[in-house]
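Derivation of every value follows stated rules applied to the coordinates shown; laboratory data play no part. Every value quoted in this text rests on a predicted model; they were computed, and no experiment measured them. All Cβ positions, glycine included, derive from the backbone under ideal geometry; neighbour counts span all protein chains shown.
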Amino acid sequence: MNVIVVKDYDAVSKEAFAVMKEVVTNKKDAVLGLATGSSPIGLYKNMIQDHKDNGTSYAQCQSFNLDEYVGIDRNHPESYWTFMHENLFKGIDLPEDKIHVPYGSTKEDCEGYEKAMENVSVDVQVLGIGGNGHIGFNEPGTPFDSVTHKVDLKQSTIEDNARLFFNGKIEDVPTQAVSMGIANIMKAKKVLLIASGEGKAKAIQATVEGPKTTDVPASALQDHPDCILVVDEAAASLLKK
Ligand code: F6R
């Protein structure tokens, strides 16, 4: 794992953007694995600004998002579909028909997403990390060989998500989601994990220095050949080395 520690969230976002820009500069038709949540918002802002200022184009790219809530409509203001359009897609030139976000909750819906990814190799997978070490919505205990599946969200994840989204209303946060599995994430050519703030420090320490265990889903990344963690000083504060 390549751990890059920078001062604060702004610096994390700039550093993560540098990784993304290199990928899309070197490969015009790059396949982007994307995440939602607060962590990548700064990266996405940088991508939008760079698209405006320098014309970096995503016209030949395609994207696959990690996850989506179950039980809310795509057009719901808090759906991940809406999040991605608001925070990234409306500001770049990625064609609408190249955008993939999982949807639904049945076995067939999950198989459909697997099928869409079948002949695709993700060039860079953006990840945030949960305070409990989840990646995507692969909560602690998820097998490392998992593929797209329906998940019951842990109470801690529901609380985290209510703090930042859903206007703080915990009762409005869906209790289930569909998520790519850990095996899907591990197949990406490059993984770019973004973390900032003290609340992520334990998870980052366990991911980097702890044993590889399904109790900490992100620890699977220890086996990834090209995994970059961009973290701020607070998120890195429990790292021993
Ligand atoms: C979002 C996702 C989640 C988040 C994680 C961290 O698509 O897959 O794993 O990355 O919950 O969320 P934030 O960035 O809001 O702290």
Partner aspartates and glutamates for K240 [C-alpha distance under 14 Å; skip if fewer than 8 residues away on the same chain]: E209
Of F166, F64, F144, the one that fluctuates the most in a GNM where the chain has Cα springs shorter than 10 Å: F166
Vicinal HN-Hα couplings computed from phi for region 215-225 (Karplus, 6.51 cos²θ - 1.76 cosθ + 1.60; Hz; Gly/Pro x): 5, 10, x, 5, 5, 4, 5, 4, 8, 7, x
Inter-site label distance for E198 and S156 at 7 Å from Cα along Cβ, in nm: 1.7 nm
Interchain or long-range residues, amide H under 5 Å from A234's placed H: G197
CD proxy at 222 nm, helix term only [per DSSP H run n ≥ 4: -39500 (n - 2.57); per residue of the chain; nearest 500]: -9500 deg cm²/dmol
Nonlocal amide H pairs with G33, under 5 Å, H built at 1.01 Å: F64, D123, V124, Q125, V126
Neighbour-limited loop hits for trypsin sites (Lys or Arg not before Pro), region 30-105 (at most 11 other Cβ within 10 Å; DSSP other than H, G, I, E, B): none
Radius, Kirkwood style, for the chain when every pair of distinct Cα atoms is counted (Å): 17.8 Å
Theoretical gain in end-to-end length, I48 to E114 [0.36 nm per residue, Cα-Cα removed]: 20.9 nm
In sequence order, calculated HN-Hα J values of region 194-211 (Karplus, 6.51, -1.76, 1.60; Hz; x Gly/Pro): 10, 8, 9, x, 4, x, 9, 4, 5, 5, 5, 4, 5, 5, 8, 10, x, x
DSSP-defined antiparallel bridges as percent of all bridges, region 22-159, nearest 5: 10 percent
Partners for K90 among aspartates and glutamates (Cα-Cα distance below 18 Å; same-chain residues under 8 apart left out): D50, D53, E78
Per-residue HN-Hα couplings for region 104-118 [Karplus 6.51, -1.76, 1.60; θ = phi - 60°; Hz; x = Gly/Pro]: x, 9, 7, 4, 5, 4, 5, 5, x, 5, 4, 5, 4, 8, 3
Links that overshoot a 28 Å alpha carbon limit, given the list K7/K27; K21/K154; K27/K52: K7/K27; K21/K154
Cross-link partners of K212 among aspartates and glutamates (Cα-Cα below 18 Å; sequence separation of 8 or more within a chain): E139, D145, D223, D226
Long-range amide H partners of Q176 with built H, under 5 Å: V70, L153
Inter-probe distance in nm under a simple model that places probes 7 Å from Cα toward Cβ, at K27 and I170: 4.2 nm
